């Protein structure tokens with residue numbers, strides 16, 4: 001009977017990812033959620049086509065995040081460059097361009113309504129989550145996790 005019980009048990013899944021890797025994963029998942037919500041909030045502004053493109057991109061990023069959690073160093077590099085550099089740039093360039101093209105520093109903020117504040121809040125959460133996630137992949141025990 002004991003042999004039967006052992007044969008029905010699940011196989012070992014290996015060691016759990018270190019805390020910094022789990023923090024990075026949570027950060028990326030938070031960023032994906034905030035980005036998805038921002039995309040949904042922008043549907044009225046830009047139509048559905050950009051939403052489909054963004055959804056496909058987010059599914060790809062999710063797949064890479066799952067590979068990263070399992071110790072894939074190529075996935076970590078892709079997230080660092082793709083999200084940590086290109087993604088952050090895309091989050092910062094649009095608001096920065098608006099600030100730089102405004103007549104005064106207050107102009108972009110005076111036109112903000114509730115919808116604009118919601119979009120800005122989602123973008124801020126998205127950006128902060130990425131700024132937590134990327135460094136977390138490189139600190140402490142996370143460095144030795146990636147093979």
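Here are the numbers:
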| item | result |
| --- | --- |
| Cα→Cβ-extended label distance, 7 Å offset, between residue 77 and residue 22, nm | 2.8 nm |
| Semi-axis lengths, Å, segment 18-142, gyration tensor of Cα atoms, sqrt of 5 times eigenvalues | 29, 17, 12 |
| R0 of 30 Å, Cβ-Cβ distance residue 99-residue 63: FRET efficiency to nearest 0.05 | 0.30 |
| Residue exposure sequence - 94, 38 - by fewest surrounding Cβ within 10 Å | 94, 38 |
| Footprinting exposure proxy for 128, 119, 105 (fewest neighbouring C-beta atoms within 10 Å first) | 105, 128, 119 |
| Rel. contact order, % - alpha carbon contacts under 8 angstrom, at least six apart, segment 18-142 | 55 percent |
| Helical contribution to [θ] at 222 nm, DSSP H n ≥ 4, -39,500 (n - 2.57), averaged over the chain, rounded to 500 | -23000 deg cm²/dmol |
| Packing-based exposure ordering (other Cβ within 10 Å, fewest first) of 130, 81 | 81, 130 |
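Every read-out reported here was derived from the displayed coordinates using simple, explicitly stated rules and does not represent laboratory data. All figures in this text were calculated on a predicted structure; none of them were measured in a lab. As a convention, Cβ positions derive from the backbone with ideal geometry for all residues, glycine included, and neighbour counts pool all protein chains shown.
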